[in-house]
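Heads up: the structure comes next, in structure tokens.
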Amino acid sequence: MRVDQSLIQKLAESFEVPFTDILLIALNVCGVNSDLPHQRIRFKFKPFSYHLPFYFGIPNNIAISPFRIVGDSLILDGEKMGDIFAAEDDTCDAVYLRKNNHELCFNSHSRSLCRGCKFCFGLQTPKDRETIKAKSDVDLFFENLERRYGKDFFANLSEIALVTGCFNSADRLISHLRDIYECATRRRFDGEMYYLGTEIVTREQLAAVCHMRFRYTFALETLSRRTEILRLSKANYSIGGIMKIMECANELGVITAYSYIVGLEKFCGLRKEFLAINQLLTGFPVFNIFQPHTTDAHFLRCKGADDITFYLEARRFFEEIIDNDSIVPRRWQNYRSLWYTTYKGKDLQDETI
Ligand code: SF4
């Protein structure tokens, strides 16, 4: 993929998008080369073009990427674009913190043991197999977190997120969510419970979690290639079916959104479907830039998606068809987003990642 500074500058002018946003989109699309041997790496990057750092988890040693990490520098086109901090193997750990320790990602159910979605990197991350299943395990884990981060750790959390592999049973998932919630509220947690997945689908199931201040992102991922790309249990839900789930979630006061992978399909012909589903949004969708880690996965990219303009057109398209100004992208919520410093021409809030 051809990306250099003059192209970014040119695109910044024609799309009226900040240079930084295009640089960071390109980094997520292209991946990076480095001396680290890992297939996927994570790091903080503070570009010269912006006053704050951003967090990344991206494919490493992608021969065709124009980005290179040399020491603590990110190099594009022979020039340093900013500083890299703490580059390391991205093991997709079961548990990590975001938002300056105010958000706990508790991915307690292994993704590497889940199968079926063709784009999923989970297969190569065996480190997340230390599953934390029983309530006593959750309790012990939380006790250790308190020991490490202090007695007020849970009181200071604004969110606990569960983004995991499939449980293959809504009952088991709900019971696990309840265990997490109970163990956390006992420690004065008063924030939102967040779940990204597809396994809560009936009114009864939603009713069983809505008392928790629940935020639900339905893993939609693709509209037109569902049976081709998604595992069967996810592909089985039609767009109409997903809208019914979102409608029901809204009625029960659940904050509702969807996740979507940008780069798998042409989105322009799907305007009608997006407009319909966007009416049901009460939270901002998770638009993830597609990141292929293997040669096979590269072939999942749709025609045109190996060009940066595809992502800038997607950004413009979704800005135009999300007709709800009370929801905006949050810097800490998505590390491979289409938005980093502005949304609909306005500055995004400077939140810690
Ligand atoms: S549901 Fe799909 S994307 Fe999620 S962990 Fe399982 S295989 Fe991966």
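Residue check: is THR309 over 28 Å from LEU230 (Cβ atoms) and in the same structural domain as PHE267 (by TED's automatic domain parsing)? No: the conditions fail for THR309.
Being closer than 28 Å to THR342 by Cα and among the hydrophobic types (A, V, I, L, M, F, W, C) is the filter here; which residues of the range 31-61 pass it? Across the range 31-61, the qualifying residues are VAL32, ILE41, PHE43, PHE45, PHE48, LEU52, PHE54, PHE56, ILE58. For residues in the range 239-284 being among the hydroxyl-bearing types (Ser, Thr, Tyr) and surrounded by fewer than 19 Cβ atoms within 10 Å (Cβ to Cβ), which is nearest to LYS303 (Cα to Cα)? Among those residues, the one meeting the criterion is SER259.
Of all residues assigned to the range 74-90, none qualifies as being at pLDDT below 85, closer than 25 Å to VAL29 by Cα, within 13 Å of the ligand (Cβ to nearest atom) and outside any helix (DSSP H, G or I). Residue count for the range 246-281 under the criterion of being assigned to a helix (DSSP H, G or I), touching a helix residue (DSSP H, G or I) at 6+ places or on another chain (Cβ under 8 Å), modelled with pLDDT of 95 or more and hydrophobic (A, V, I, L, M, F, W, C): the result is 7.
Where helices (runs of 4 or more DSSP H) fall wholly inside the range 122-234, the ranges with 1 or more residues that are in the same structural domain as LEU280 (by TED's automatic domain parsing) and within 16 Å of the ligand (Cβ to nearest atom) are 170-185, 226-229. Scanning the range 28-58 for residues that are part of a helix (DSSP H, G or I) and within 15 Å of ARG331 (Cβ to Cβ) returns a single hit, ASN28.
The values are calculated or read from the model by the stated rules, or taken from the named source; none is laboratory data. These figures come from a predicted structure and were not determined experimentally. Backbone-built Cβ (ideal geometry, glycine too); neighbour counts: all protein chains shown.
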